[in-house]
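Where a number appears in this text, it was derived from the coordinates with a stated rule and is not lab data. Worth saying up front: this structure is predicted, and the values here are computed from it rather than measured. Using ideal geometry, Cβ is built from the backbone for each residue, glycine included, and neighbour counts are taken over all protein chains shown.
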Amino acid sequence: MEKSFDRATLEAVLTKRFFYVPSFSIYGGVAGLYDFGPIGAALQQNLINVWRQHFVVEEDMLEIEGAIITPAEVLKTSGHVEKFTDFMCKDSVTQEVFRADHLVEAVLEARLEADLTAQTANAEISAGSAKKNKATKPPVKLTEQQIAKYNEILAKIDNYNKQELADIITEHDIRNPATNNSVTPPNEFNLMFETSIGPAGNHKGYLRPETAQAQFVNFSRLLEFNNQKMPFASAMVGRSFRNEISPRSGLLRVREFNMAEVEHYVDPNDKSHKKFSEVANIKLNLLPANVQEKGSTQTVEISIGEAVSQKIIDNETLGYFLGRIYLYLVKVGIDTSRLRFRQHMSNEMAHYACDCWDAEIKNSYGWIECVGCADRSAYDLTVHSKKTKEKLCVRENLETPLVYDALVCNPNKKVFGPKFKQNAKIIQETLESLSQSELEKLKSELDTAGKINIDANNQTFEISSDLMTINLQTFKENVREYTPNVIEPSFGIGRILYSLIEHSFYLRPEAELRTVFKFNPTIAPFKVLILPLSNNDLFAPFLIDIARKLRNNGVPARVDDAASASIGRRYSRNDELGIPFAITVDFQTVSDKTITIRERDSTNQIRGSIEVILDLVADFIYGRNTWAKATETYQLVSSTSD
């Protein structure tokens, strides 16, 4: 059984050191909204900076910035107005609101945890530890069938529809844990914040639930900027908004958050990736859909190359981005032993996706989706193109002309127009939108019955063989026109931030009241602490000079010259901010211009000239050197300050 995480201690430190706090807390706060203090804001920005370098710069992506307020018509076309929902239920007495699947999860996990406690208590009773209290009764246990069923439900929790959730709530007597009241059957709740655009309120809009749509509607401009070259990717970082049913779990489920999204446009006939070999040997812990559908959460460790060749992962480009996501999460400091990639099951798959994987990070709240990576097929560009009549497609010159046969509808113009009048155009557009398989069925029906029925403009029209024929024609194309498919990695920055905070938090073994965040130099808000041994005026010029040189070199530094605290106390309180290195100015500095640098986690120190130590700091921060390598070159010095 895993050692429980001391979340209460962590949350106390986060609040005390102003990492982040509930917004407007002096007014009572608003659930799901948070303000970030100096450390939290810097951590979040550093995550974004590393993301931008790792994806936008290294992958040569086209970054844009889109509007936050989105016209309703755009999100209606994308499917968000109809389908961007979660299932909500309420306490039948107090009307407290719950997200249905989260309530089921919480109740069943609590029952399983209670059962483990019961097993331990029963074992102690059996061993005779409770002999002194003969009245002790064994706690109630779950049956093996109940345990198996609960675990199966939890494995499939993301795959249930409304009725299936309702059945589970009824069958397993899911209630409000706080009141023991029954809850209402689940209903859909749209998660978007609605607003109006303009003083008259004539135009309905929403705060964007994602950054993707701004990228899709600008596809033609992006393609033109990229000199018509395919494949390519766009990227965007910014605020998104979701009116969560019951915001809980701190930063993990909020109503306003930062997203970072990539839209990689690829030929639907060729989803290979030219850099796939760079990630093919990376091994990931995968949880495929078919495993979950059997009621299991057992992961398999497999290389990305093998997963793609076995079609566990649908294609190379999707696999490539799973590898890049993994490398990004490692780079910022996520513990890989608490990282897995879970494939979406059929019922939970987004309406646009043909394959989707979530990078899930385990923290004290369980396995949390932090990054989604979906193959959105051609859905978005297709629906926006159809709605606006703007071509969102690629035109590719062919070296060898493409010759093929295809069925085509040929209206008899002399009678077709007069017959259907103002509806003629919409009927013809409907016919032109049909696939070859649909046209084959219509041709067979027209040849057999002499007439067909077509639904267009909310009406049904009968078309006889004297009005139209469907014939096979030969086409020769020198230009291929196609709508790209889109591979989309989508990052929840706040969720990654919280998981990183938990993964980085620990208590020093020798002094449990000393809390530490082991942020790596890349992510740490402040890279270096600068402090004097004591409050002696001789040290002040050195502090100013060292701080200026570091900051001029792009290294964020914090000076702690508080006279009221010992140097050990100052080390400790800045370890609590995750600062990886500390430079100390002492009396030897005054005499020979040398300083010490202390590494946070080992508390070991190296002494050297100011120039040498500052160069070392820059090498540490920019990844050109590590503390372990440096200690092979420079001798450690003893310190009693810790």
Subject >> Charge dipole of the chain about the Cα centre (unit charges at C-beta), most positive-ward option of P22, T336, T483 >> reply: P22
**OP:** Could you tell me the largest-minus-smallest coordinate of the C-alpha atoms of the chain on each of the three principal axes, in descending order and whole angstroms?
**Re:** 103, 73, 57
Original post:
Quick one: of the DSSP bridges fully inside segment 510-637, what percent are antiparallel, nearest 5?
Top reply: 60
Original post:
Please identify the GluC sites (Glu not before Pro) of segment 62-101 that satisfy two criteria: DSSP loop assignment and at most 15 other Cβ atoms within 10 Å. Which are they?
Top reply: E65, E96
Subject >> C-alpha long axis of helix 316-332 to longest principal axis of the chain, angle in ° >> reply: 20
**OP:** Subtract the Cα-Cα distance of I282 and A31 from 0.36 nm times their separation in residues, and report this length gain in nm to one decimal.
**Re:** 86.4 nm
Original post:
How many angstrom separate the Cα center of segment 251-319 from the Cα center of segment 427-452?
Top reply: 39
**OP:** With 21 Å as the limit, write out which pairs from K391/K425; K274/K476; K425/K476 have Cα-Cα distances beyond it, or answer none.
**Re:** K274/K476; K425/K476
**OP:** With a point put 7 Å past each Cα toward its Cβ, work out how far S246 is from T382 in nm, to one decimal.
**Re:** 3.8
**OP:** For K441, go through the lysines and keep the ones whose alpha-carbon is under 18 Å away, minus same-chain ones fewer than eight residues off.
**Re:** K451
**OP:** Return one number: the angle in degrees, 0 to 90 and rounded to the nearest 10, between the long axis of the Cα atoms of helix 379-388 and the longest principal axis of the Cα atoms of the chain.
**Re:** 60
Original post:
Between L434 and Q473, 0.36 nm times their residue separation minus their Cα-Cα distance comes to what?
Top reply: 12.5 nm
Subject >> For a label point 7 Å along the Cα-to-beta-carbon line of K389, residues of segment 408-447 with backbone N under 19 Å >> reply: 417, 421-434
Original post:
Expressed as an acute angle from 0 to 90° and rounded to the nearest 10, what is the orientation of the C-alpha long axis of helix 540-552 relative to the principal long axis of the chain?
Top reply: 20
**OP:** Return the whole-Å distance between the Cα centroid of segment 138-213 and the Cα centroid of segment 545-577.
**Re:** 47
**OP:** Express as a percent, rounded to the nearest 5, the fraction of DSSP beta bridges in the chain (both residues included) that run antiparallel.
**Re:** 90
Subject >> Members of K90/K162; K90/K141; K387/K413; K389/K419; K549/K593 lying beyond 21 Å, as alpha-carbon distances in this model show >> reply: K90/K141; K387/K413; K389/K419
Original post:
trypsin sites (Lys or Arg not before Pro) within segment 253-325: which are DSSP loop residues with at most 15 other Cβ atoms inside 10 Å?
Top reply: K274, K275, K294, K311
Subject >> Selection of GluC sites (Glu not before Pro), segment 446-538, meeting DSSP coil and at most 15 other Cβ within 10 Å >> reply: E510, E512
